[in-house]
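Written below as structure tokens is the structure these notes are about.
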Amino acid sequence: MSRTAVRVAGMTAALLGALAVPVAARADPGCGCGWCERRPYGSTAPGDAARYGAKDPVKSAEEARKRLEAFYDGDDLVVGKVSERPLYFEASIKHKDGRLVDRVIVDKRSGRIRSIL
């Protein structure tokens, strides 16, 4: 095997190893709150109207706010300004002291909540 082939194989293995790191290990945005470990995106609890991927269309910014407030209920977080875009609503999620935790979008057609930070 040539040196180039060995280098390519080594770089490929390193890249695949980096991609295999569990998502939960990379989820915390570094603010030290540990929120992402306690309540990651992907909540699928039965009967949870604000669950990730609810497949329930969202028609207004107020409805998106209510969906986000229900999703973050019980955490010491507040939903900031909710703005409308052509295909989604965008909102900032903050600690009660004003520190930014995340920026999320709520898909208008599906109700899906996604982090964009």
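The values are calculated or read from the model by the stated rules, or taken from the named source; none is laboratory data. For clarity, every value in this text was computed on a predicted model and none was experimentally measured. Virtual Cβ from ideal backbone geometry, glycine too; neighbours counted across all protein chains shown.
Observations on the structure shown:
- Restricting region 104-117 to residues that are of a type outside the set (Lys, Arg) and not in a strand (DSSP E or B) leaves a set whose member that is surrounded by the most Cβ atoms within 10 Å (Cβ to Cβ) is Gly111.
- Residue in region 54-61 that is assigned to a helix (DSSP H, G or I), at pLDDT 95 or above and of a type outside the set (D, E, K, R) present: yes
- Answer residue from region 83-103, given it is among the hydrophobic types (A, V, I, L, M, F, W, C) and under 14 Å from Arg114 (Cα atoms) and is surrounded by the fewest Cβ atoms within 10 Å (Cβ to Cβ) among those: Leu87
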